[in-house]
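The values are calculated or read from the model by the stated rules, or taken from the named source; none is laboratory data. Just so it is clear, the structure is predicted and the values come from calculations on it, not from any experiment. Every residue, glycine among them, receives a Cβ derived from its backbone with ideal geometry; neighbour counts consider all protein chains shown. To get the accessible areas, we keep the full protein, side chains included, count just its heavy atoms, and leave off ligands, DNA and RNA. Shrake-Rupley method; radii C 1.70, N 1.55, O 1.52, S 1.80 Å.
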Amino acid sequence: MISDGYAQWYANRLWNLLPPIYRTMDVGPTPGAPGPLQELVNRIGAQAAVVRQSIDRLGENQSIETCDDWVIPYIGDLVATRLVSCLDAAAQRIDVAKTIYYRRRAGTVGVLEELAADIASRDARVVEFFRRMARTRHQFDPPLSYQIENQISGPVEFTGGSLEIAEGLIGAYSGTPAGGYADLRNAYAASNTGSAFDEYAYTADLRAGRQTLGHFNIRNLGVFVWWLQAFPISAATPVSNGAASPCFTFDPTGRDIPLFAPSKRIDEADAWGEHWVSPDEWELSVPIREVLWRVAQSELYPESFSPNALSVGLLAGGTGTPVPAANLCIHPANGRFSFRGSVPLPQSSIAVCYNFGLMSEIGAGGYDNEILSPLSLPVAITNVTGGDGTILNSALGAVTTDVTIQITDSSTYPGPTQTLTVPSGSTVAVCATSGQRPVFRWTGAAPQTWTIVGDASGSSGTPTVLILEGILLQCANIVLQGEFDSVYLRMVTLDPGTSADSTTLLFDKAIDGLKLMPAALMIEASITNLVLERCIVGPIRTSIGGAVSQLTASDSIIQAIPTHRVVANGKLQNPTIFDWASLAASLKFQANPLAKTAVAGNSALESLLSDYSVGSAPSAALTDAIQAAISQFTPAEAEAAWPLALADLALGFSEGTVSLTRCTVMGPTHTHCLQASECIVDDVATVEDTQTGCVRFTAYAAGSDLHQPYRSVQIAPGASLFESVDFGQPEYAKLRSDADSQILSPGMGATGCGNTSTAAAGTILAGAQNGSEMGVYCLEGIPLKRRGLALKFEEYSPIGQSPVWIDAD
């Protein structure tokens, strides 16, 4: 039952029906607490409320559209629906509601594509491979061309071969006849060879059909599925290279990213049933290739300035006027554009709409905030819009009580320079309006910081809470100081940076030359609860005595890229010290052999350490002495001895508990206590307290110190699991199809949909507790949707046809 307060309301109603004298005489153990009689009435009222709600729901439970989830299988039995148990309630509800609809169209290509949209919420194109086989035509075949075989007249309103194209008798772009010789003169048609839009004919392939093999045979049905999704960004600020004739990136971080076409089928009722036609490439959520852009520019770049389209516009008065495509030179494959000729360039007014690709709604992406768990924001709202950094800084500096600083657009704002102070007992939220993705971008060669101070030391009794939601922060460390009761990061991106493909450079560069350094969350504060939900972040680590009692992260990516080079020879020179306090404490207490060696015989350092207060920032004299003392070691030795101070950690905590659920962690970690469920930790995880915590259904790196993992698998540190580890790319953190080949110790697998064995071999691709994949995309349930689609295709496929499942992306 939904917790809507009805049970308490019903109990209070019963309580008020009792005579006042009995209510007055009923006294609890403490003032204001319910007495024995009220406790009894509350329990009776709660059960009576359950019965009353069940009665009230009888009418709604008669319909599949309004019934409770538990009723779905019972209604499904009435129409003999073959429910797929591993699908979620929403997919099962659609399956039951459209059972009769599906059966009326069983055996058609259209219903199979609709099943993919309804059951898996993904675009698909089904190809009958026997139509793509080379063969000799006979007299019962329809004519290939009215121009050739009926030169007098053709059908009304069908000219130029449009009827033959609609019937699949000739290729739409190449003009290749069905089963005939390939016409290679059209570049777009030639580029589609082997894809879902192939127009050429092939000889029979007698191998078993799977992915790239065994396509062309009479009984094979090709099912091309696009698992990546396209997400729209509205009126974002492009980044210029600063040249006299500038070139811009659509992406506001200055990265080259492929632009995607928005899906025009998944949520469109008019695309199915009697209106179904086989989709063109530009109708699906696909990366826009250069050749596709040249062919379907009018479809991909409409006249309106819309977040569901690819467009460049000039903002004025809050609205955008699209620049005609003829005035632009657009390269969608790397997400760049420039202006042709002498078009005026009021750079501050340029805005872009585009779609980017990703597997799921994580990080700041302009998503609907209803996908987040409920959390109350302050009702007092200060709106910020237009990309004006002065207005943003003023709003941050004016905080004195509960307030929501709401950013109402997707503009890029200069990185805040104003320290945000959360007053004692206050809740302060810096959030984006639902559907928007503002960007805070710091520029400059040196690393920048944005400091947020919490004042939870007061005696107000009300929690001091910071909420960041829906924003992207680039090229600055977020430093938390003071004290907080709770800090929430929800659909937030702290740009994890991008490594350079170079032996001399550490970081890649944006189009304007800005180094793509990681934005770290540095915790110098005392925080009771730190909560991450659907986030993409760089390193999270404590510094200068900071502490987090409980870090809880779900459906998030935490990544650490190298920020310095670690060698096994030479001496440590001018190292980056992430946490001076932990290094000073280690030397003070001589916590390891290297610490003893560093302090031995150094009377000046010993004197400074004796006066040092653990957890505080060391003095300049002490930092100089420490740096001189540890310079005798090699970088590799020093990092192994003091990882919290020197190593590039994705998570660095000396105390508290870290709880990860459905997360992907890229990079080494050092924590006091770790709990992980359905996660991927791709590098060595060091846990100080290995007697506490639980690691379950997780892929972890060899050499990790963990409590005994349960139904988990072991991989090599830094194993090649992902198609891309570069933030901004569509395949970011997406598991490779051969990820299971990286398993060193398979352990024991999960019990998933259709897998009843409790001793199955361990797997990453289907190793979550419910049979989904491990890591951040677990909630997408891709393995479950694959199985569900396969089972539904068995029921509705044409007789004698066998599906060949092909991942189109």
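General observations
- Restricting attention to region 105-142, the residues that are more than 16 Å from A196 (Cα to Cα), touching a strand residue (DSSP E or B) at 6+ places or on another chain (Cβ under 8 Å) and part of a loop (DSSP other than H, G, I, E, B) total 1.
- Where a residue in region 675-703 is at pLDDT 95 or above and part of a loop (DSSP other than H, G, I, E, B) and its partner, wherever it lies, is basic (K, R) and buried (at least 21 other Cβ atoms within 10 Å of the Cβ), with Cβ under 8 Å and at least six apart: E678/R662; C679/R662
- Residue in region 350-372 that is free of Cβ contacts under 8 Å to residues at least 40 places away in the same chain and outside any loop (DSSP other than H, G, I, E, B) present: no
- The single condition among (1) within 30 Å of G5 (Cβ to Cβ); (2) open to solvent by less than 80 Å² (accessible area, probe 1.4 Å); (3) assigned to a helix (DSSP H, G or I); (4) not aliphatic (A, V, I, L, M) that Y102 does not meet is (1).
- Test: residue in region 778-794 that is part of a helix (DSSP H, G or I), of a type in the set (F, W, Y) and surrounded by 17 or more Cβ atoms within 10 Å (Cβ to Cβ): yes
- Flag if G179 is assigned to a loop (DSSP other than H, G, I, E, B) and either in contact (Cβ under 8 Å) with a residue 60 or more places away in the chain or more than 37 Å from the chain's Cα centre (by Cα) (or both): yes
- Cβ pairs under 8 Å, 6+ apart, first in region 125-141 and over 30 Å from I266 (Cβ atoms), second hydroxyl-bearing (S, T, Y) and surrounded by 15 or more Cβ atoms within 10 Å (Cβ to Cβ): M133/Y202; A134/Y202
- P279 meets the conditions (1) in contact with a Lys or Arg (Cβ under 8 Å, 6 or more places away or on another chain); (2) in a loop (DSSP other than H, G, I, E, B); (3) under 30 Å from G387 (Cα atoms) in every case but one. The failed one is (3).
- Residue, nearest to D267 (Cα to Cα), within region 284-342, restricted to residues that are among the basic types (K, R) and more than 25 Å from the chain's Cα centre (by Cα): R294
- Positions within region 217-246 being open to solvent by 30 Å² or more (accessible area, probe 1.4 Å) and either within 19 Å of G781 (Cα to Cα) or out of contact with any Gly (no Cβ under 9 Å at 6 or more places or on another chain) (or both), in sequence order: Q229, A243, A244, S245
- Candidate set: region 704-715, residues that are part of a loop (DSSP other than H, G, I, E, B) and touching an Asp or Glu at 6+ places or on another chain (Cβ under 9 Å); chosen: the one modelled with the highest pLDDT: S704
- Note on region 247-279: among residues that are over 28 Å from R122 (Cα atoms) and out of contact with any Asp or Glu (no Cβ under 7 Å at 6 or more places or on another chain), the one that is least open to solvent (accessible area, probe 1.4 Å) is F248.
- Search result, residues across region 17-66 that are β-branched (V, I, T) and within 30 Å of R93 (Cα to Cα): V50, V51, I55, I64, T66
- The number of residues in region 568-586 that are open to solvent by less than 70 Å² (accessible area, probe 1.4 Å), of a type in the set (A, V, I, L, M) and part of a loop (DSSP other than H, G, I, E, B) comes to 2.
- In region 1-55, the residues that are among the acidic types (D, E) and open to solvent by 50 Å² or more (accessible area, probe 1.4 Å): D4, E39
- Matching residues, region 631-656, being outside any helix (DSSP H, G or I), small (G, A, S) and open to solvent by less than 30 Å² (accessible area, probe 1.4 Å): A647, A650, G652, G656
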